[in-house]
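The values are calculated or read from the model by the stated rules, or taken from the named source; none is laboratory data. Computed from a prediction, not measured in an experiment: that's the story for all the values here. Glycine gets a Cβ as well: all are built from the backbone with ideal geometry, and neighbour counts include every protein chain shown. What goes into the accessible areas is simple: the full protein's heavy atoms, side chains included, and nothing from ligands, DNA or RNA. Shrake-Rupley method; radii C 1.70, N 1.55, O 1.52, S 1.80 Å.
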Amino acid sequence: MALVELGRYDRNLANILVARLESDGIPALAFDGGASIADGSWLLIPVRVMVDEDDLSAAQAIAGAA
């Protein structure tokens with residue numbers, strides 16, 4: 001399994017997108033979700049949504065429709 005970046009989103013949207021992808025059977029992870037949460041800048045740091053490279057096309061279609 002090789003992970004590739006689907007995109008970078010704000011923390012809330014990234015978690016929603018991960019749930020949406022997983023509901024369609026596409027495993028996904030949100031990276032960097034806890035970055036700088038302690039200093040209050042969590043809204044400024046984008047969260048990377050990662051998927052398997054074999055699922056990238058399907059994930060892009062879902063992300064584009066969202």
- Being surrounded by 15 or more Cβ atoms within 10 Å (Cβ to Cβ) and either within 8 Å of the chain's Cα centre (by Cα) or within 14 Å of ALA65 (Cα to Cα) (or both) is the filter here, so list the residues in segment 1-15 that pass it. LEU6, GLY7, TYR9, LEU13, ALA14, ASN15
- Flagged pairs (Cβ under 7 angstrom, 6 or more apart or on separate chains; first in segment 12-23, closer than 17 Å to LEU44 by Cβ; second open to solvent by less than 90 Å² (accessible area, probe 1.4 Å) and not small (Gly, Ala, Ser)) are ALA14/VAL47; ALA14/VAL49
- Task: Could you tell me whether PRO27 is surrounded by 12 or more Cβ atoms within 10 Å (Cβ to Cβ), of a type outside the set (Lys, Arg) and at pLDDT 95 or above?
- Result: yes
- Does ALA35 meet the test of being open to solvent by less than 80 Å² (accessible area, probe 1.4 Å), aliphatic (A, V, I, L, M) and at pLDDT 95 or above? no
- Item | Single condition ALA66 does not satisfy, out of (1) at pLDDT 80 or above; (2) surrounded by fewer than 15 Cβ atoms within 10 Å (Cβ to Cβ); (3) within 13 Å of the chain's Cα centre (by Cα) | (1)
- Query: How about segment 38-61: which of its residues are hydrophobic (A, V, I, L, M, F, W, C) and at pLDDT below 95?
  - Reply: ALA38, TRP42, LEU43, LEU44, ILE45, VAL47
